[in-house]
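These notes are about the structure you will find just below.
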Amino acid sequence: MDYLPLFYQLKEQRCLVVGGGEIACRKAAMLRRAGAHVRVVAPHISKAMQELLDKDVQSEAQQRPYQSGDMDGVLLAIAATDDNTLNAQVSRDARARNILVNVVDNPDLCTFILPSIVDRSPIVMAVSSGGQSPVLARMIRAKLESTIPASYGRLAHLVGKFRSKAKAKFSDVNQRRGFWEEVLTGPIAEFVFAGKEQEAEQMLDRQLTSETGAKPAVGEVYLVGAGPGDPDLLTFRALRLMQQADVVLYDRLVSPGVLDLVRRDAELIYVGKARSEHAVPQDQINEYLVKLAQEGKRVCRLKGGDPFIFGRGGEEIGRLADAGIQFQVVPGITAASGCASYAGIPLTHRDHAQSVRFVTGHLKDGTLNLDWDTLAKERQTLVFYMGLVGLPTICSELIKHGLSPDTPIALIQQGTTRHQRVLTSTLKVMPEDVKNQEVKAPTLIIVGSVVTLHDQLSWFDPETSKSG
């Protein structure tokens, strides 16, 4: 180990930064976040640096060349200039006084180095390459950032408030550790992550004041949008909840790549629905969610796209609310946005369309009785979900109600995955084109002049994709 990692208490301490440019400003900002009072010395001090120092009456800027006396009364010093001779002098002066010193991008002149930081205060994680590869350290930090929610800091604050109470209740160290493990992986933590900190505090207090300290009998349901197929499009929260659910109910539109990210030992239940073919009726799915939660399980209802855009998510959480079951809703990238982006078709464009409308191509009664007069308008984009079977009707009705037969139309099959195909044509010709193609669901239909941008803006290559 080349360096000993330390977390240093800098609150109310005086620290020196030599340099007034962009890099020096970043270092000064880090010191200020840690509560230090910063003394900046440089012939030229940037506006951003001055604005930073103005926020703390005990920080100061000395607009002049560095002097050895600037080390007086400081705990640590940072040299962030492009003058190697000056940087070396700052290092020598600091070492002579046993003051910690860091010289940016010069480990040989440092007695300490500044790591890449993941800040979830009071949880703080530091990654260092010992000055050998700061870029690699930042990449590792980025991976940590993607897996550790910002709300972990709030969770740590909550735990801190109850540490003494837990210690009094559980004298045995192993008991106490087991209790906190349940808290940090259970409903209390999820309440914090969902912004329900008051409810989390009340639940934690009840567990610590009850005789058994047992966890609540009723579980929770996570209604999670799985996006259009590419696993890389999942949100951080979606991935975290998928990893901790006891049971996962998933539908037909959830891609294999997304399903592979579910916790390995979770129970998987397929409740998919195709047109006129329901593996499990919707009412039964609603009741199933209630039943599983009442058994104390953490249930992830994984739905393709976004749960609130033609996903019947409102019906499911309505039943949960009636039964008094706690739930969270995690938005997903809806098929319109995901598929259009991967096909290189902007849904709005200054030269083509100033509005976009999302339309279901499959109504509750199985008909296509839509408001065609308002749909058949120029300079807007129409996106039809579940419209493959009704494609001939969609095209003919739009033409009948005023759109030109030459209006561009695109059909996107299994968008964002390695099986993506994009067919472009016109309202008049597309129904015949599809007859001669082997088109497989799920598909998305886009109507409007934005479709003409596909050839120019298409960027996604399904052949090289590892998605879905």
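The values are calculated or read from the model by the stated rules, or taken from the named source; none is laboratory data. Nothing here was measured: the structure is a model prediction, and the numbers come from that model. Every residue, glycine among them, receives a Cβ derived from its backbone with ideal geometry; neighbour counts consider all protein chains shown.
Structure values in brief
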item: Evaluation of Tyr222 against (1) touching a residue at least 24 places away in the same chain (Cβ under 8 Å); (2) of a type in the set (Ser, Thr, Tyr); (3) in a loop (DSSP other than H, G, I, E, B) (one fails), failing number; result: (3)
item: Condition met for Asp406 (touching a Leu at 6+ places or on another chain (Cβ under 8 Å), in a loop (DSSP other than H, G, I, E, B) and on the phi < 0 side of the Ramachandran plot); result: yes
item: Condition check for Val389: in contact with a helix residue (DSSP H, G or I) (Cβ under 9 Å, 6 or more places away or on another chain) and either assigned by TED's automatic domain parsing to the domain that holds Leu375 or under 30 Å from Asp232 (Cα atoms) (or both); result: no
item: Checklist (1) under 23 Å from Ile412 (Cβ atoms); (2) assigned to a loop (DSSP other than H, G, I, E, B); (3) in contact with a helix residue (DSSP H, G or I) (Cβ under 9 Å, 6 or more places away or on another chain) applied to Gly311, failing item; result: (3)
item: Given (1) touching a strand residue (DSSP E or B) at 6+ places or on another chain (Cβ under 7 Å); (2) closer than 25 Å to Phe310 by Cα; (3) without any contact (Cβ under 8 Å) to a residue 60 or more places away in the chain; (4) in a loop (DSSP other than H, G, I, E, B), index of the condition Leu398 fails; result: (4)
item: Candidates Gly229, Gly195, Gly186 - the one that is under 21 Å from the mean Cα position of the chain (by Cα) and assigned by TED's automatic domain parsing to the domain that holds Asp246; result: Gly229
item: Residue within segment 189-199 that is within 11 Å of Leu302 (Cα to Cα) and out of contact with any strand residue (DSSP E or B) (no Cβ under 7 Å at 6 or more places or on another chain) present; result: no
item: Hits in segment 440-461 (condition: surrounded by fewer than 22 Cβ atoms within 10 Å (Cβ to Cβ) and modelled with pLDDT of 90 or more); result: Ser449, Thr452, Leu453, His454, Asp455, Gln456, Leu457, Ser458, Trp459, Phe460, Asp461
item: Residue match in segment 424-433 (condition: within 28 Å of Gly272 (Cα to Cα) and surrounded by 20 or more Cβ atoms within 10 Å (Cβ to Cβ)); result: no
item: Test for Thr417: is it in a loop (DSSP other than H, G, I, E, B), touching a residue at least 24 places away in the same chain (Cβ under 8 Å), buried (at least 18 other Cβ atoms within 10 Å of the Cβ) and among the β-branched types (Val, Ile, Thr); result: yes
item: Residue in segment 147-157 that is out of contact with any strand residue (DSSP E or B) (no Cβ under 8 Å at 6 or more places or on another chain), of a type in the set (Val, Ile, Thr) and under 24 Å from Val258 (Cα atoms) present; result: yes
item: When residues of segment 1-48 are limited to those that are among the charged types (D, E, K, R) and either in contact with a helix residue (DSSP H, G or I) (Cβ under 7 Å, 6 or more places away or on another chain) or not in a helix (DSSP H, G or I) (or both), the one farthest from Ser59 (Cα to Cα); result: Asp2
item: Segment 307-336 residues that are under 16 Å from Lys196 (Cα atoms), paired with ones that are assigned to a loop (DSSP other than H, G, I, E, B) and among the small types (Gly, Ala, Ser) (beta carbon under 6 Å, 6 or more apart); result: Gln328/Ala194
item: Every residue from segment 166-178 that is surrounded by 14 or more Cβ atoms within 10 Å (Cβ to Cβ) and either closer than 19 Å to Phe193 by Cα or not hydrophobic (A, V, I, L, M, F, W, C) (or both); result: Lys169, Arg176
item: Residue within segment 276-289 that is aliphatic (A, V, I, L, M), in contact with a Phe, Trp or Tyr (Cβ under 9 Å, 6 or more places away or on another chain), closer than 15 Å to Val329 by Cβ and not assigned by TED's automatic domain parsing to the domain that holds Lys440 present; result: yes
item: Residue within segment 342-350 that is under 25 Å from the mean Cα position of the chain (by Cα) and outside any loop (DSSP other than H, G, I, E, B) present; result: yes
item: Residues of segment 7-38 satisfying the condition of being more than 13 Å from Lys55 (Cβ to Cβ), surrounded by fewer than 20 Cβ atoms within 10 Å (Cβ to Cβ) and under 30 Å from the mean Cα position of the chain (by Cα); result: Phe7, Glu22, Ile23, Arg26, Met30, Ala34
item: Residue in segment 194-203 that is assigned to a helix (DSSP H, G or I), under 22 Å from Arg240 (Cβ atoms), touching a residue at least 40 places away in the same chain (Cβ under 8 Å) and touching a Lys or Arg at 6+ places or on another chain (Cβ under 8 Å) present; result: yes
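Matching residues to (1) of a type in the set (Asp, Glu); (2) crowded, with 20+ Cβ neighbours inside 10 Å:
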| residue | (1), (2) |
| --- | --- |
| Gly324 | no, no |
| Ala335 | no, yes |
| Gly338 | no, yes |
| Pro346 | no, no |
| Ser355 | no, no |
| Asn369 | no, no |
| Thr393 | no, no |
| Glu397 | yes, no |
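Yes/no per residue for (1) farther than 25 Å from Val290 by Cα; (2) surrounded by fewer than 17 Cβ atoms within 10 Å (Cβ to Cβ):
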site: Trp180; (1), (2): yes, yes
site: Ile188; (1), (2): no, no
site: Gln207; (1), (2): no, no
site: Val218; (1), (2): no, yes
site: Asp232; (1), (2): yes, yes
site: Leu239; (1), (2): no, no
site: Met242; (1), (2): no, no
